[in-house]
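Just below is one structure, and these are the notes that go with it.
The values are calculated or read from the model by the stated rules, or taken from the named source; none is laboratory data. A quick note: this is a predicted structure, and the numbers were derived from the prediction, not measured. When we count neighbours, we look across all protein chains shown, and the Cβ atoms used for this are built from the backbone with ideal geometry, even at glycine. With ligands, DNA and RNA removed, areas are computed over all heavy atoms of the protein, side chains included. Shrake-Rupley method; radii C 1.70, N 1.55, O 1.52, S 1.80 Å.
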Amino acid sequence: MLQIEGIKLNLEGSEDLLRAKAALALRLPPEAVEELCVLRKALDARDGVRWVYTLRVRVKGEEKVLRRCGSRQVSKVLETPYGLPPAVSGPDIPPVVVGAGPGGLFCALALARCGAPPILLERGWDVERRAADVERFWETGLLDAESNVQFGEGGAGAFSDGKLNTGTRDPRHRFILEALVSHGAPESILYDARPHVGTDYLRRVLKSLRRELTDLGCDIRFGCRLTGLELKDGRLSALAVEGPEGSCRLPARAAVLALGNGARDTFQMLHDAGVPMESKPLAVGVRIEHRQADIDFAQYKALAGHPRLPAASYKLSCHLENGRGVFSFCVCPGGRVVAAASEPGRAVTNGMSLYARDGENCNGGLLVGVTPRDFPGEGPLAGIAFQRELEERAYAAGGGGFFAPAQRVEDFLLRRSSRGPEAVSPTYRPGVRWRNLWEVLPEWLCQSLAEALPLLDQKVRGYAAPDAVLTAVESRSSCPLRILRDEAGQSPVRGLWPCGEGAGYAGGILSAAADGLRTAESVLETL
Ligand SMILES: Cc1cc2nc3c(=O)[nH]c(=O)nc-3n(C[C@H](O)[C@H](O)[C@H](O)COP(=O)(O)OP(=O)(O)OC[C@H]3O[C@@H](n4cnc5c(N)ncnc54)[C@H](O)[C@@H]3O)c2cc1C
């Protein structure tokens, strides 16, 4: 197969033209292209808006065609697809995977497909029951500390925008995207340069993935929380688990800890049990909301509103004189700001969207980088204390019931309380209270945000528009600690495999899922 990059189509152009364009790049007649598939489709809005494609084509005499066309756009496909390791015969004691987020689910899937179906422990509930708990929380502010936006089948990504892009290249990514599509995700994620699934599709995918796992022999236990480790000679021998039927001891020789970044009680337990871990940098800040139409206009100019254009997004960053970096994070075009708390008395924001991304507003994290030096106290759990303090301040400022403090950008820059919304209506539920965020968040954090807003506005006009809304606090962008592991992914406490975002080795759905596969490969090797 040959790969052709940089094939352009204008907005009105039909994909039927791709064959002719590919043939032109190869200096062949269109009928010589025997097979064509779109590998990547990206929107280029830099100089007029158009689609840019990477195509994969089959033609006769590839070597000769490649030599003759002499184009740097064309190359031979060298990629080797990812394959799971060879199957093993099931061990006497099954491996245990703790956490059914993307890391745990893909780890369990690889283990199960390779003949070692694990016991999958998940403290929260299946996605059907969880969706009802989350909806009630957003409606009433009544939090279920075990079934929420962080905990339950699908992990933290289940109520998200479902963006599936990462900054890294890994052959496992294609395997993951294909698995998601086979379980009901839209096919566009296979070629879209900015793939996203949306919360609506994610729920379907999770149910279908659960069926495959169960059919392969996985023992999925919802409502079951890992609460302790039993070690013998520095090696795991059993797990303590709290479940709907009370506590139990689960013999285990291999346990994957795919805990996500919200498992604060479990990190404490692991720390107390002597599992080595260290602090790591984090980013915290607020969610910023704009009218989607304004972001579309800033990005697409005169073409804004064109029916073939997706809701526009942005990616922004700047460095401040105080040495801090400020950047946009997890932008959700046409989405909603969501209450994403998992602990009573601590408010957290994040964002989600449906596949259609057709909501009124666009929201994104506006975050400031922090390092362990910013954390109060010492030790690997200091970052959690730091996050908790911010979340408590936000909760108190919201007046309880998980209302969140919010402020218009103009008022924020003038350090005065907002009285209410103007052009942008906040989407956060159960609701916001209009406050002065300078009285809620630390001075250095507000100062950094205030300095960054005008700088970022120079990159996307209207980013610092007076009516844009800031909602606090965004504190769970990643995990403030890393559970140490060796090259093979195993903790110095043998038998434990820290995995995914909570262990500090991933940031986002796709990278957590890839780390799940990597971890399964390592576990399988020891089986
Ligand atoms: C609202 C929201 C929107 C997001 N949007 C995106 C996005 O669009 N794109 C993107 O790439 N990323 C997004 N993220 C981040 C993404 O969800 C995470 O990076 C990803 O889910 C991490 O995967 P994980 O498997 O490592 O951990 P998690 O998904 O957090 O899963 C960990 C699981 O472990 C369980 N668990 C924890 N402790 C225990 C225990 N003691 N016993 C049993 N089970 C336990 C938890 O209940 C949880 O289900 C979003 C996150 C949130 C909260």
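From the set of residues in segment 120-134 that are of a type in the set (A, V, I, L, M, F, W, C) and away from the ligand (no atom under 11 Å from the Cβ), which is nearest to Val149 (Cα to Cα)?
Keep residues of segment 120-134 that are of a type in the set (A, V, I, L, M, F, W, C), which gives 120-121, 125, 127, 131-132, 134.
Going one step further and asking which of them are away from the ligand (no atom under 11 Å from the Cβ), we end up with 131-132.
Numbers: Ala131: 9, Ala132: 11 Å.
Within segment 120-134, the match that is nearest to Val149 (Cα to Cα) is Ala131.
Name the pairs: first residue in segment 437-466 and under 29 Å from Ala304 (Cβ atoms), second residue charged (D, E, K, R) and not in a helix (DSSP H, G or I), Cβ to Cβ under 7 Å, at least 6 apart or on different chains?
Correct list of pairs: Pro466/Arg408.
With the condition being open to solvent by 30 Å² or more (accessible area, probe 1.4 Å), closer than 18 Å to Gly157 by Cα and at pLDDT 95 or above, I'd like the strands (runs of 3 or more DSSP E) fully within segment 35-147 carrying at least 3 qualifying residues. Break it down stepwise before answering.
On the way: elements: 35-44, 50-58, 74-76, 96-98, 119-122.
Where strands (runs of 3 or more DSSP E) fall fully within segment 35-147, none carries at least 3 residues being open to solvent by 30 Å² or more (accessible area, probe 1.4 Å), closer than 18 Å to Gly157 by Cα and at pLDDT 95 or above.
Kindly check whether there is at least one residue in segment 473-481 that is in contact with a Gly (Cβ under 6 Å, 6 or more places away or on another chain), under 19 Å from Ile119 (Cα atoms) and within 11 Å of the ligand (Cβ to nearest atom).
no
Please find, within segment 218-244, the residue that is farthest from Pro118 (Cα to Cα) out of those that are within 15 Å of the ligand (Cβ to nearest atom) and assigned to a loop (DSSP other than H, G, I, E, B).
Pro244
Determine if segment 502-513 includes at least one residue that is in a loop (DSSP other than H, G, I, E, B), in contact (Cβ under 8 Å) with a residue 12 or more places away in the chain and away from the ligand (no atom under 12 Å from the Cβ).
Looking through segment 502-513, none of the residues is in a loop (DSSP other than H, G, I, E, B), in contact (Cβ under 8 Å) with a residue 12 or more places away in the chain and away from the ligand (no atom under 12 Å from the Cβ).
Considering each residue of segment 250-278, count those that are surrounded by fewer than 20 Cβ atoms within 10 Å (Cβ to Cβ) and away from the ligand (no atom under 15 Å from the Cβ), and give that number.
Number satisfying all stated conditions: 5.
Please specify each residue of segment 148-179 satisfying the condition of being open to solvent by 50 Å² or more (accessible area, probe 1.4 Å), β-branched (Val, Ile, Thr) and closer than 27 Å to Gly400 by Cα.
none
Say whether the condition of being outside the structural domain of Gly502 (by TED's automatic domain parsing), charged (D, E, K, R), out of contact with any Lys or Arg (no Cβ under 7 Å at 6 or more places or on another chain) and more than 11 Å from the ligand (Cβ to nearest atom) is met by at least one residue in segment 43-52.
yes
Which pairs turn up if I take residues in segment 149-168 that are at positive phi and modelled with pLDDT under 95 and look for partners that are in a loop (DSSP other than H, G, I, E, B) and surrounded by 24 or more Cβ atoms within 10 Å (Cβ to Cβ) with beta carbon separation below 8 Å, at least 6 apart in sequence or on another chain?
As it stands, the answer is Gly162/Val197; Gly162/Ser353, since those pairs meet every condition given.
Leu517 - would you say it is of a type in the set (A, V, I, L, M, F, W, C) and either away from the ligand (no atom under 16 Å from the Cβ) or open to solvent by 40 Å² or more (accessible area, probe 1.4 Å) (or both)? Quick ask: steps written out before the conclusion?
Details: of a type in the set (A, V, I, L, M, F, W, C): yes; either away from the ligand (no atom under 16 Å from the Cβ) or open to solvent by 40 Å² or more (accessible area, probe 1.4 Å) (or both): no.
When the stated conditions are applied, Leu517 does not pass them.
Checking the conditions here, which among Val275, Val286 is in a strand (DSSP E or B) and out of contact with any His (no Cβ under 6 Å at 6 or more places or on another chain)?
Within the list Val275, Val286, the selection yields Val286.
Kindly establish whether Thr471 is part of a strand (DSSP E or B), in contact with a Lys or Arg (Cβ under 7 Å, 6 or more places away or on another chain) and at pLDDT 95 or above.
Against the criterion (part of a strand (DSSP E or B), in contact with a Lys or Arg (Cβ under 7 Å, 6 or more places away or on another chain) and at pLDDT 95 or above), Thr471 qualifies.
Condition first: closer than 27 Å to Glu128 by Cα and open to solvent by 50 Å² or more (accessible area, probe 1.4 Å). Now tell me which residues in segment 211-239 satisfy that.
Correct list: Arg211, Thr214, Asp215, Leu216, Asp219, Arg221, Arg225.
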